[in-house]
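The values are calculated or read from the model by the stated rules, or taken from the named source; none is laboratory data. Fair warning: this is a prediction, and the values are worked out from it, not measured in the lab. Don't worry about glycine lacking a Cβ; one is built from the backbone with ideal geometry, like all the others, and counts go over all protein chains shown.
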Amino acid sequence: MTALLPRPHHPISRRQFLGQALLAAASATAAAAALPAARRSGYQIGAYTRAWGNRHYRVALDGMVATGYQFAGLSVHDKGRVLDRDSTDEQAAAVGAEVKSRGLRLVTLSPGGFDLAKPIDEGIRQLRRLVDLAVICGAPCVQVNDPAKPDLEPGFYKVMAEGCDYAAAKRVVLTVHPHGSPGAHLREQIRKAGHPNLRLMYDPGNIGFYSHGKIDPVADAAAVDGVVYGMSVKDFRLPRDVSITPGTGLVDFPRLLARLRQGGFTSGPLTVECLIPGELDTVNAEARKAREFVERLIA
């Protein structure tokens, strides 16, 4: 092995030192400015397959690449869920390969859930299966819709809590996705579960949708301090419509994100879930607008 020879020492003046320091600082500032806002902030701007409507998930992934996204969320497509608890290892591996081949990275898997009509042990088995699928396809998070029915909640949160250690051992975060419950209730249930690996995937559009516009997501966000892992970037308009592009509805996203940041959500996935539907060119154009909108939010 060739040894590294010491460089000859050439003393420099104070003026040279300061000049070099200023140049280095300027270069670092320029390099930071050249980075996408998401990388500088710690947020990951992505899109769910659902945003492309009833099209195959591969079409959605192609659309994400074409419109400048780096991150993807798996949810629904033309055949139902891209992955669910009945999916095989081979199917999960194939989906993961499709994502990776496009240079995308997964931020979440929304695979449906477990059967709340089954005993707790079976629910835990099904949830663990969802975690295994997330590991295989490369998703760091599994999100499950909250039941929003009081009689189902004890079993739901029991299963979620019991699955936390298993998921944590595989480096997968479990999140609850609002489907009827307001923020304060979700936070209370997550806190009762008592495990740091159970978090909230906040959804302002659903807060508006399920409350018929009676709950302002900005006010609701004040109740979820400390439990938010990520946000499904979804807008809402009356009477009950979420099939719109973020920034065109009633959700005040600048104030919402500011309040979520105040509560500790300073990094994590920001995943566009819905867009104005239409022909593929229209959807892609709306997807680009949505990405640019979210980028401005975090700039």
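Report every pair of residues separated by at least 6 positions or lying on different chains whose Cβ atoms are under 9 Å apart, first residue within the stretch 60-75 and free of Cβ contacts under 8 Å to residues at least 24 places away in the same chain, second outside any helix (DSSP H, G or I).
Every condition considered, the pairs that remain are ALA60/ALA47; ALA60/TYR48; ALA60/GLY53; ALA60/ALA72; ALA60/HIS77; ALA60/VAL82.
Report every pair of residues separated by at least 6 positions or lying on different chains whose Cβ atoms are under 6 Å apart, first residue within the stretch 110-134 and in contact (Cβ under 8 Å) with a residue 60 or more places away in the chain, second part of a loop (DSSP other than H, G, I, E, B) and surrounded by fewer than 15 Cβ atoms within 10 Å (Cβ to Cβ).
none
Only one residue in ARG40, ARG55 is among the basic types (Lys, Arg), within 30 Å of THR175 (Cα to Cα) and modelled with pLDDT of 95 or more, so which one is that?
The match here is ARG55.
If you go through the stretch 84-97 one residue at a time, do you hit one that is assigned to a helix (DSSP H, G or I), surrounded by 23 or more Cβ atoms within 10 Å (Cβ to Cβ), in contact (Cβ under 8 Å) with a residue 24 or more places away in the chain and not basic (Lys, Arg)?
yes
May I ask you to list the residues in the stretch 260-296 that are among the small types (Gly, Ala, Ser), assigned to a loop (DSSP other than H, G, I, E, B) and under 18 Å from TYR69 (Cα atoms)?
SER267
Out of LYS118, LYS149, LYS214, LYS170, I need the residue that is at pLDDT below 95 and of a type in the set (D, E, K, R). Which one?
Step by step, each of LYS118, LYS149, LYS214, LYS170 is checked, and only LYS149 is at pLDDT below 95 and of a type in the set (D, E, K, R).
Give the stretch 152-189 a look and list any residue that's small (Gly, Ala, Ser) and either within 18 Å of LEU133 (Cβ to Cβ) or surrounded by fewer than 17 Cβ atoms within 10 Å (Cβ to Cβ) (or both), or say none.
Within the stretch 152-189, GLY163, ALA167, ALA168, ALA169, GLY180, ALA184 meet the criteria.
Can you tell which of THR67, THR49 is at pLDDT 95 or above, polar (S, T, N, Q), surrounded by 24 or more Cβ atoms within 10 Å (Cβ to Cβ) and within 30 Å of ARG261 (Cα to Cα)?
THR49
Inside the stretch 268-299, can you point out the residues that are surrounded by 15 or more Cβ atoms within 10 Å (Cβ to Cβ) and hydroxyl-bearing (Ser, Thr, Tyr)?
Selection gives THR271 alone.
Can you tell me which condition ASP220 does not meet? The list is (1) within 18 Å of the chain's Cα centre (by Cα); (2) free of Cβ contacts under 8 Å to residues at least 60 places away in the same chain, and all the others hold.
(1)
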